[in-house]
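Below is one structure, written out as structure tokens; the observations come after it.
The values are calculated or read from the model by the stated rules, or taken from the named source; none is laboratory data. Bear in mind the structure is a predicted one, so any value in this text is a computation, not a measurement. Note that we place each Cβ from the backbone using ideal geometry, even for glycine, and neighbour counts take in every protein chain shown. The protein model used for the area step is the full one, side chains on, heavy atoms only, and it has no ligands, DNA or RNA in it. Shrake-Rupley method; radii C 1.70, N 1.55, O 1.52, S 1.80 Å.
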Amino acid sequence: MNFRDDLHEASEWAASYLDRVGELPVAAETRPGDVRAALPAAPPEHGEPFSAVLRDLDEKLLPAITHWNHPRFFAWFATTGSEPGILAELLIAALNVNAMTWLAAPAATELEATVLDWLAQLLGLPREWHGHLEDTASTSTVAALAAARDLRPGGVVYASEQANFSVEKAARLVGLEFRTVETDDTFRMRADFPLADATAVVATVGTTGTTAVDPVPELAERCAEAGVWLHVDAAYAGSAAVCPELRWCLDGCERADSVVVNPHKWLFTPMDCSALWTRRPDALHRAFSLVPDYLAATADAVDLKDYGPALGRRFRALKLWTVLRMYGSEGLRGLIREHVRLAQLFASWVEADDEWEIAAPHRFSTVCFRHRTADNDELARRATATGEIFVATTKLRGVPTIRLAIGNARTTEDDVSRAWEVLRECATAP
Ligand SMILES: Cc1ncc(COP(=O)(O)O)c(C=O)c1O
């Protein structure tokens, strides 16, 4: 094993992959079981060179990779494994610290507090809140609901019928009943439901289906009056608030009890990285703090294991810090603005074509639309089968709808224009 040579090979592989990813078929063409069948059934007895791993990556795995880092990946919420993030992931593995307690990782613990403060400033959230990183928004929501349950056990978690399913899962995990609230004709959660039996309300800023923004100021007012925990799931759209003209999306969040934003969705940070803030850190601490004999607390220090479900914690702050430093606020604003511009441009092409229609308001970088007469599920499948683009569908009020989600830093106007051409060709093909 020669680490320097292998490192060189790995970095060459990564750089040339990013150079050519746009020419690969976006979505994998493979059937369940194909990859396993191509791999040895047992581990090697003797160590193999790194080049053998890379060869199998190219030959056996790459054909079955769906390329999330492809500029024409428009499915679900498109994301970016950015160059700064990739570099930082290497350093994180080299350091391999476990930020469970301050003593175990002083620099990681304090860098995490610093980047959460930086991000709060960028998004216009209160700086005095406690912030830390979890792996995913699913876990962040579990943490928030566990704190809410300890304050008010036995109640109901209310969220929009358009809320991400991770909210229902989190409610189930912490032993709370989950109920959905109807949405209005723009898919926003109604704010006039009864709160008497509520433990928590989860409002979404940027729902998964249509990117609707629930009425957070009204919900915050009602939750404050009723003493109910308000958690805001801004996993996708929260990042938009780095742009002053989009900051409205987090209006009212300063009155929430907790807010989650995922830098691994629309802030150019590789999986996984979810930022959770709370104005009630004591409640999270009560829900999660346990001090076993072998992990004594340090006076005047914060032990991050006491604020969420996991003990072991990766040094995620290093990648978010690297992303914030290497792009700068200006760079992040530029990318978000470009994505919003491209989405609005795409929507204008759809609107101008009588055979197609827009299915929901589009304020960020995601457009929901459909062909008026075709089978839209089949259309999305056909478009994806070309290998040129990847689009996924959802159902809005039971009607199949295609979503074009822009979120990759490498996506250009040409990519979006090609997506429109492919969709139209597929709609007219026999
Ligand atoms: C609005 C919203 N909330 C939460 C989630 C769950 O995020 P994660 O995969 O980080 O758990 C998603 C995922 O797409 C989402 O769209």
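Looking at the range 412-428, which of its residues are open to solvent by 10 Å² or more (accessible area, probe 1.4 Å) and in contact with a Lys or Arg (Cβ under 7 Å, 6 or more places away or on another chain)? D415, R418, C426 - these are the residues of the range 412-428 that are open to solvent by 10 Å² or more (accessible area, probe 1.4 Å) and in contact with a Lys or Arg (Cβ under 7 Å, 6 or more places away or on another chain). Does the range 144-153 contain at least one residue that is within 15 Å of the ligand (Cβ to nearest atom), in a loop (DSSP other than H, G, I, E, B) and open to solvent by 60 Å² or more (accessible area, probe 1.4 Å)? No, every residue in the range 144-153 fails to be within 15 Å of the ligand (Cβ to nearest atom), in a loop (DSSP other than H, G, I, E, B) and open to solvent by 60 Å² or more (accessible area, probe 1.4 Å). Just to verify a result, which residue in the range 236-269, among those that are among the acidic types (D, E) and open to solvent by 10 Å² or more (accessible area, probe 1.4 Å), is nearest to the ligand (Cβ to nearest atom)? Filtering the range 236-269 for residues that are among the acidic types (D, E) and open to solvent by 10 Å² or more (accessible area, probe 1.4 Å), the one nearest to the ligand (Cβ to nearest atom) comes out as D251.
A224 meets the conditions (1) more than 16 Å from the ligand (Cβ to nearest atom); (2) in contact (Cβ under 8 Å) with a residue 40 or more places away in the chain; (3) among the small types (G, A, S) in every case but one. The failed one is (2). Set side by side, the residues R31, R20, R36, R55 differ, and just one is part of a loop (DSSP other than H, G, I, E, B) and open to solvent by 30 Å² or more (accessible area, probe 1.4 Å), which is R31. One residue is enough: does the range 73-83 have a residue meeting the conditions modelled with pLDDT of 95 or more and away from the ligand (no atom under 16 Å from the Cβ)? Within the range 73-83, one or more residues are modelled with pLDDT of 95 or more and away from the ligand (no atom under 16 Å from the Cβ). The listed residues are D233, D272, and the only one of them that is surrounded by fewer than 24 Cβ atoms within 10 Å (Cβ to Cβ) and touching a Ser or Thr at 6+ places or on another chain (Cβ under 7 Å) turns out to be D272. Where helices (runs of 4 or more DSSP H) fall entirely within the range 257-360, those with at least 1 residues that are more than 17 Å from the chain's Cα centre (by Cα) and of a type in the set (A, V, I, L, M) are at 281-288, 316-351. Of the residues making up the range 275-311, those that are among the polar types (S, T, N, Q) and open to solvent by 10 Å² or more (accessible area, probe 1.4 Å) number 2. Looking only at residues that are in a loop (DSSP other than H, G, I, E, B) and in contact with a helix residue (DSSP H, G or I) (Cβ under 8 Å, 6 or more places away or on another chain) in the range 78-115, which one is nearest to G206 (Cα to Cα)? Ranking the qualifying residues of the range 78-115, first place goes to T79.
Open to solvent by less than 60 Å² (accessible area, probe 1.4 Å), without any contact (Cβ under 8 Å) to a residue 60 or more places away in the chain, in a loop (DSSP other than H, G, I, E, B) and under 24 Å from T136 (Cβ atoms): does that describe A75? No: the conditions fail for A75. It is to be established whether one or more residues within the range 296-308 are touching a Cys at 6+ places or on another chain (Cβ under 7 Å) and either of a type outside the set (D, E, K, R) or touching a residue at least 12 places away in the same chain (Cβ under 8 Å) (or both). No - not one qualifying residue is present in the range 296-308. Kindly check whether there is at least one residue in the range 373-390 that is open to solvent by 30 Å² or more (accessible area, probe 1.4 Å) and under 22 Å from Y236 (Cα atoms). For the range 373-390, residues open to solvent by 30 Å² or more (accessible area, probe 1.4 Å) and under 22 Å from Y236 (Cα atoms): absent.
Of the strands (runs of 3 or more DSSP E) lying entirely inside the range 154-226, the ones with 3 or more residues being touching a Gly at 6+ places or on another chain (Cβ under 9 Å) are found at 198-204. Within 16 Å of the ligand (Cβ to nearest atom), touching a Lys or Arg at 6+ places or on another chain (Cβ under 8 Å) and farther than 19 Å from V228 by Cα - does that describe any residue in the range 169-182? Looking for residues that are within 16 Å of the ligand (Cβ to nearest atom), touching a Lys or Arg at 6+ places or on another chain (Cβ under 8 Å) and farther than 19 Å from V228 by Cα, one finds none in the range 169-182, hence no. Might you check whether a residue that is part of a helix (DSSP H, G or I) and within 16 Å of the ligand (Cβ to nearest atom) occurs anywhere in the range 227-234? The answer is no, given that none of the residues of the range 227-234 is part of a helix (DSSP H, G or I) and within 16 Å of the ligand (Cβ to nearest atom).
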